[in-house]
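The next block holds one structure in the form of structure tokens; read it before the comments.
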Amino acid sequence: MRGDICDADLVDQVMPGHDAVVHFAAESHVDRSIAGAGPFVTTNVLGTQVLLDAARKHGVGRFVHVSTDEVYGSIAEGSWTEEWPLAPNSPYSASKAASDLLALAYHRTHGMDVVVTRCSNNYGYYQFPEKLIPLFTTNLIDGGTVPLYGGGNIRDWLHVSDHCRGIDLALRKGRAGQVYNIGGGTEVTNKELTGLLLDAAGAGWDRVVPVEDRKGHDRRYSLDISKISEELGYAPQVRFEDGLAATIAWYRDNRAWWEPLKELAALEAAK
Ligand code: TDX
């Protein structure tokens with residue numbers, strides 16, 4: 001069944017009988033949140049509250065809230081542990097921080113069995129072509145250009161299958177009320193990553209268009225994953241070079257999936 005997490009009646013109907021909720025649903029693109037924060041507050045904050053209330057009412061066992069490293073803000077050196085204070089910079093990350101804290105508050109206030117995970121930048125199959133890797137890859141496949149903001153910013157890349165492995169461990173073995181960072185252990189600058197995507201497409205730097213920097217652009221994300229590694233036995237398994245090559249091949253082979261989505265995005269942007 002597909003529906004809106006803000007639809008309290010629908011959520012109330014579908015919740016009974018389940019022993020766990022894994023809450024992935026969110027507005028997730030930073031640039032969209034800069035253009036308009038409304039849907040981010042509605043879906044990420046109110047939607048999470050609707051899910052928490054329904055899970056509590058119907059006695060669902062475990063509630064895993066999937067959060068993000070962006071709630072910590074930006075870090076110049078070293079890596080964030082789970083104790084780091086939250087300092088989000090974009091309307092997107094502020095809305096995720098609010099939902100992350102709300103989930104933890106339901107544990108402390110109501111004794112709900114909540115676990116929060118905070119992941120680094122995901123990549124892989126079926127990622128909406130608004131995020132850096134699928135946007136640049138599909139633009140290059142089509143012979144177009146890629147809009148690079150600055151380029152010195154650093155992200156830690158996590159293959160979607162490693163993220164799911166981490167969430168599955170948190171669901172089955174995580175301790176109630178705890179937060180677990182899930183990182184990929186591969187930090188690269190956006191410029192380095194763009195170079196890899198250009199090489200894979202057989203394209204040169206003339207295809208890169210420098211554009212005005214993102215407002216409030218976080219410079220670097222870096223997660224310390226000792227807690228989930230030591231407590232739950234997590235380790236990322238997909239090497240970045242392998243995961244990236246497979247992802248690029250997937251977008252080459254699956255134009256029918258992403259082309260309509262890009263057409264829709266272009267129509268929205270033209271409005
Ligand atoms: O067109 C672009 N040009 C560009 O230079 C886009 C879309 C991005 N970028 C840069 C901005 C970032 O430094 O690339 C980096 C990655 O950008 P995104 O793919 O938009 O991801 P990011 O902003 O890092 O946030 C992502 O990781 C954390 C997800 O979108 C979030 O949902 C997640 O919580």
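Here is how the numbers come out for the structure above:
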quantity: Residue among Ala170, Ala201 that is more than 27 Å from Ala94 (Cβ to Cβ), buried (at least 17 other Cβ atoms within 10 Å of the Cβ) and at pLDDT 95 or above; calculated: Ala201
quantity: Verdict on Ala76 being in contact (Cβ under 8 Å) with a residue 60 or more places away in the chain, in a loop (DSSP other than H, G, I, E, B) and within 11 Å of the ligand (Cβ to nearest atom); calculated: no
quantity: Subset tally (residues that are hydroxyl-bearing (Ser, Thr, Tyr) and more than 9 Å from the ligand (Cβ to nearest atom)) for region 142-163; calculated: 2
quantity: Condition check for Val179: open to solvent by less than 40 Å² (accessible area, probe 1.4 Å), more than 9 Å from the ligand (Cβ to nearest atom) and closer than 19 Å to Ala26 by Cβ; calculated: yes
quantity: The lone exception for Glu263 - which of (1) assigned to a helix (DSSP H, G or I); (2) surrounded by 13 or more Cβ atoms within 10 Å (Cβ to Cβ) it fails; calculated: (2)
quantity: Candidate set: region 25-38, residues that are open to solvent by 20 Å² or more (accessible area, probe 1.4 Å), in a helix (DSSP H, G or I) and in contact with a helix residue (DSSP H, G or I) (Cβ under 8 Å, 6 or more places away or on another chain); chosen: the one nearest to Tyr123 (Cα to Cα); calculated: Arg32
quantity: Scan of region 236-246 for residues that are over 14 Å from Asn121 (Cα atoms) and part of a helix (DSSP H, G or I), ordered by number; calculated: Glu241, Asp242, Ala245, Ala246
quantity: Pick from region 85-96, criterion more than 11 Å from the ligand (Cβ to nearest atom) and buried (at least 19 other Cβ atoms within 10 Å of the Cβ), ranking: nearest to Ile225 (Cα to Cα); calculated: Ala94
quantity: Condition check for Tyr125: within 9 Å of the ligand (Cβ to nearest atom) and open to solvent by 50 Å² or more (accessible area, probe 1.4 Å); calculated: no
quantity: Candidate set from region 108-122 (those that are in contact (Cβ under 8 Å) with a residue 60 or more places away in the chain and within 12 Å of the ligand (Cβ to nearest atom)); member that is surrounded by the fewest Cβ atoms within 10 Å (Cβ to Cβ); calculated: Asn121
quantity: Residue list for region 55-73, restricted to those being over 23 Å from Phe40 (Cβ atoms) and either in a loop (DSSP other than H, G, I, E, B) or at pLDDT below 95 (or both); calculated: His58, Gly59, Val60, Gly61
quantity: Residue identified as open to solvent by less than 50 Å² (accessible area, probe 1.4 Å), in contact with a strand residue (DSSP E or B) (Cβ under 7 Å, 6 or more places away or on another chain) and away from the ligand (no atom under 13 Å from the Cβ) among Ile225, Ile248; calculated: Ile225
quantity: Residue match in region 222-230 (condition: polar (S, T, N, Q) and assigned to a loop (DSSP other than H, G, I, E, B)); calculated: yes
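The values are calculated or read from the model by the stated rules, or taken from the named source; none is laboratory data. None of the values given here were measured: they were computed from a predicted structure. Positions of Cβ are backbone-derived with ideal geometry, glycine not excepted, and every protein chain shown enters the neighbour counts. Remember, those area values only see protein heavy atoms, side chains included, never the ligands or the DNA or RNA. Shrake-Rupley method; radii C 1.70, N 1.55, O 1.52, S 1.80 Å.
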